[in-house]
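A quick write-up on the structure given underneath.
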């Protein structure tokens, strides 16, 4: 079970790291990417399973350094907070442009609607890329402090 925890930890770092790098490139190029979201979601799933497995190991009496536990659990918190910020991204963009809601944007000409949508997607991508970078650092620290 310890080996599975190790493999899932490495897989989490690889998936979220790949998502961060690819997402940063897509953000820079102002491109949408389904691959980014697939990598990120796969990484998030791997993290949840790995945390559950780590919790099981601790429950079975395995001694773990406190820093490892903190660095191992923080990616869940960062991911949750990032998802909340991602959800708020659309309203933030609308507010910054002086629109009350999406209905107002729907009344704009198509070119202006597209500009608003691109701004929203860019903001969402930026938030999640930044979160992925932070998560990779935390996972790396968890790996280093594993003992």
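The values are calculated or read from the model by the stated rules, or taken from the named source; none is laboratory data. These figures come from a predicted structure and were not determined experimentally. In this analysis, Cβ positions are derived from the backbone assuming ideal geometry, glycine residues included, and neighbour counts consider all displayed protein chains.
Of the numbered conditions (1) touching a residue at least 24 places away in the same chain (Cβ under 8 Å); (2) more than 15 Å from residue 140 (Cα to Cα); (3) out of contact with any helix residue (DSSP H, G or I) (no Cβ under 7 Å at 6 or more places or on another chain); (4) surrounded by 14 or more Cβ atoms within 10 Å (Cβ to Cβ), residue 62 satisfies every one except a single condition; which is it?
Failed condition: (4).
Would you point out the residue of the range 113-136, among those that are crowded, with 16+ Cβ neighbours inside 10 Å and out of contact with any helix residue (DSSP H, G or I) (no Cβ under 7 Å at 6 or more places or on another chain), that is modelled with the lowest pLDDT?
Checking each candidate, the answer is 121.
Testing residue 5 on (1) under 17 Å from the mean Cα position of the chain (by Cα); (2) modelled with pLDDT under 95; (3) surrounded by 18 or more Cβ atoms within 10 Å (Cβ to Cβ), one condition comes back false. Which one is that?
Of everything listed in (1) under 17 Å from the mean Cα position of the chain (by Cα); (2) modelled with pLDDT under 95; (3) surrounded by 18 or more Cβ atoms within 10 Å (Cβ to Cβ), residue 5 misses just condition (1).
Give me the residue from the range 99-112 that is surrounded by 13 or more Cβ atoms within 10 Å (Cβ to Cβ) and out of contact with any helix residue (DSSP H, G or I) (no Cβ under 6 Å at 6 or more places or on another chain) and, out of that set, nearest to residue 24 (Cα to Cα).
Going through the qualifying residues, I end up with 102.
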